[in-house]
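A.B. asks: This is the structure, below, for whatever I ask next.
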Amino acid sequence: MTPVAALLLAALSPVAHGVDTHVEGFAELRGQWSAGVDGQQLLMVERFRPTFEASLSKRVALSSTIEVNLSQGRRTQTELQRVLENSDLGPMLEAGQCEWPTPDNELLWTDEASDYVYVDRLYMDVYLPKADIRVGRQALQWGSALMVNPTDPFPQVLLLTPWLPRAGVNSAKVSLPLGEAGLIQAAVGADDDFQGLRSALRTTVNVLETDWSLVGAWRQDARNGVVGVDIKGTLGVGFWLEGAVHLDASDRHTDPYEELAVGLDYSLPVLEMMTLAAQYYRNGAGTTEPAGGGAMGGLTDAVEMPTCTGIDLGDALGGGSATPDPFAPVFGGKNYLMAVMSLGISPEVGLSGAWVQNLDDASGMVVPTISAFPLEWLEVTAAAQVPITFTGESGELRPSGDDLVLTDPSGALSIDFSGMVPSTTFLLWSRFSF
């Protein structure tokens, strides 16, 4: 935090010397209620996210975004600790004198300033006669598909966190226009520790009013790569086909697998405007019978494990020795249907809905949303995340209680995680823009 903050202040120092500057952003208050869980159910989050932009010359601009994020209430860390201590694993934790991490400020769960304030974006744009260059921590997203992008070198799924921007990537990106016929984009980056090199190349040409793209990428930190195509155009309705082959050279020894998304969208003159989009998505790395416990979404990856004497908690929880793939598909099944609908009722009120359906086990997730803009600078949004099933049986996106009970191979230990997965999540947030 300190070196980056120092760089930010140094970069913005010309502001005081007449450089053309601009500041915008928002403050946000969000409440999240998890129904059907044990322990604390309410989470409150306060965010402040200003963006500073400075035009240093006609061809050079600097941009930075600071994220301030405080939260109170339900925490995965606390709930996992409670579950493990109350399970069959509890006596083992006590015998191993396990010590869980405890922050200095337990209300806000913070130890230092970097826990709640950090520089999320910091990059410089250079506009050359034949190319545009952006260097620094920036958002990178490639692909035309809905919700998931098989050809994106740095994938991120924000279905359940629609308020979040994409995570920044430390990188340099060059965009080279090919006249009016296409574009070449190249990006080279690294992880947050500047250890693993990540490189990607995307070439796009426009033929018959359709964008045809070839993509290739290699991620040194994960030791895997992507080769794919992305096609997007309009033939009465909008359409896209995005597919990729994933190659793995890591200690996971994953066989090459395909990932495909093909879909359509269409706009209708209903009220202000109605937009409909639907997509079939195939994850070649998945299974037609994904475990319902997949809804856990890697809970143990999101927390810090305790320090113990004489026991390996990772083994006790069924962890493997291979490093997990940080770029693995977020879904565990093979075949999915995805759909999005948005309807502008008036300039001030809009409705939308997202639906993800696992076609192999009949489980799904529906996310209805209503947004209102009572003032030009104020947005109020309410949403819900509702797991569903058409067969009454459990599945990946709507697991049963039995799916969420972890038992070791010997049957001696049993851990019930069912109290950590909500039956429905309700969200309400207000965003004040400036």
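The values are calculated or read from the model by the stated rules, or taken from the named source; none is laboratory data. Just so we're clear, the structure is a prediction, and the values are computed from it rather than from any experiment. Neighbour counts are summed over all protein chains in view; Cβ atoms, including those assigned to glycine, are modelled from backbone coordinates with ideal geometry. Each accessible area value is taken on the protein alone, full model and side chains, heavy atoms only, with ligands, DNA and RNA left out. Shrake-Rupley method; radii C 1.70, N 1.55, O 1.52, S 1.80 Å.
A.B. asks: What is the residue count in region 153-185 for residues that are free of Cβ contacts under 8 Å to residues at least 24 places away in the same chain and either touching a Cys at 6+ places or on another chain (Cβ under 7 Å) or part of a loop (DSSP other than H, G, I, E, B) (or both)?
C.D. replies: Initial filter on region 153-185 (free of Cβ contacts under 8 Å to residues at least 24 places away in the same chain): 156, 158, 161, 164, 179, 183-184.
Of the ones still in play, those that are also either touching a Cys at 6+ places or on another chain (Cβ under 7 Å) or part of a loop (DSSP other than H, G, I, E, B) (or both) are 156, 158, 161, 164, 179.
Count: 5.
A.B. asks: Okay, moving on. Hey, among the residues in region 304-347 that are assigned to a loop (DSSP other than H, G, I, E, B), surrounded by 12 or more Cβ atoms within 10 Å (Cβ to Cβ) and among the β-branched types (V, I, T), which one's modelled with the lowest pLDDT?
C.D. replies: If we take residues in region 304-347 being assigned to a loop (DSSP other than H, G, I, E, B), surrounded by 12 or more Cβ atoms within 10 Å (Cβ to Cβ) and among the β-branched types (V, I, T), then T323 is modelled with the lowest pLDDT.
A.B. asks: I'm checking my understanding of the structure. Among residues of region 209-251 that are assigned to a loop (DSSP other than H, G, I, E, B) and surrounded by fewer than 16 Cβ atoms within 10 Å (Cβ to Cβ), which one is modelled with the lowest pLDDT?
C.D. replies: To start, the set of residues in region 209-251 that are assigned to a loop (DSSP other than H, G, I, E, B) comprises 209, 220-223, 236, 249-251.
Applying the additional criterion that residues be surrounded by fewer than 16 Cβ atoms within 10 Å (Cβ to Cβ) yields 209, 220, 236, 249-251.
Working: E209: 89, Q220: 87, G236: 87, A249: 81, S250: 78, D251: 74.
This residue is D251.
A.B. asks: Might you let me know whether region 410-421 holds any residue that is farther than 29 Å from R49 by Cα, part of a strand (DSSP E or B), open to solvent by less than 30 Å² (accessible area, probe 1.4 Å) and not charged (D, E, K, R)? Show your work before the answer.
C.D. replies: First, pick out the residues of region 410-421 that are farther than 29 Å from R49 by Cα: 410-421.
From what is left, the residues that are part of a strand (DSSP E or B) are 414-416.
From what's left, open to solvent by less than 30 Å² (accessible area, probe 1.4 Å): 415.
Still in the running and not charged (D, E, K, R): 415.
Within region 410-421, one or more residues are farther than 29 Å from R49 by Cα, part of a strand (DSSP E or B), open to solvent by less than 30 Å² (accessible area, probe 1.4 Å) and not charged (D, E, K, R).
A.B. asks: Using the structure shown, decide if R121 is outside any loop (DSSP other than H, G, I, E, B) and open to solvent by 50 Å² or more (accessible area, probe 1.4 Å).
C.D. replies: On the way: outside any loop (DSSP other than H, G, I, E, B): yes; open to solvent by 50 Å² or more (accessible area, probe 1.4 Å): no.
Spelling it out, it is not the case that R121 is outside any loop (DSSP other than H, G, I, E, B) and open to solvent by 50 Å² or more (accessible area, probe 1.4 Å).
A.B. asks: I'd like to check something: does region 402-413 contain any residue that is within 25 Å of the chain's Cα centre (by Cα) and modelled with pLDDT of 95 or more?
C.D. replies: Step one: of region 402-413, the residues within 25 Å of the chain's Cα centre (by Cα) are 403-404.
Filter once more, so that each one left must be modelled with pLDDT of 95 or more: none.
No: region 402-413 contains no residue that is within 25 Å of the chain's Cα centre (by Cα) and modelled with pLDDT of 95 or more.
A.B. asks: Read through the list (1) among the basic types (K, R); (2) over 25 Å from R47 (Cβ atoms); (3) within 22 Å of the chain's Cα centre (by Cα); (4) assigned to a loop (DSSP other than H, G, I, E, B), then give the number of the only condition that K130 fails.
C.D. replies: (3)
A.B. asks: Okay, moving on. Going through G364, G350 one at a time, which residue ends up being over 26 Å from T288 (Cβ atoms) and either in contact (Cβ under 8 Å) with a residue 24 or more places away in the chain or assigned to a strand (DSSP E or B) (or both)? First the steps, then the outcome.
C.D. replies: Numbers: G364 fails: over 26 Å from T288 (Cβ atoms).
When all the criteria are applied, what remains is G350.
A.B. asks: Could you give me the residue pairs with C-beta distances under 9 Å whose first residue belongs to region 95-112 and is open to solvent by 100 Å² or more (accessible area, probe 1.4 Å), whose second residue is aliphatic (A, V, I, L, M) and modelled with pLDDT under 85 wherever it lies, and which are 6+ apart or on separate chains?
C.D. replies: Listed by first residue and then by second, the contacts come to E112/M1.
A.B. asks: Next question, about the same structure. Taking region 332-376 as the region of interest, how many residues are aromatic (F, W, Y) and in contact with a Leu (Cβ under 9 Å, 6 or more places away or on another chain)?
C.D. replies: Residues of region 332-376 aromatic (F, W, Y): 336, 355, 373.
Narrowing further to those that are in contact with a Leu (Cβ under 9 Å, 6 or more places away or on another chain): 336, 355.
Going through region 332-376 one residue at a time, the tally reaches 2.
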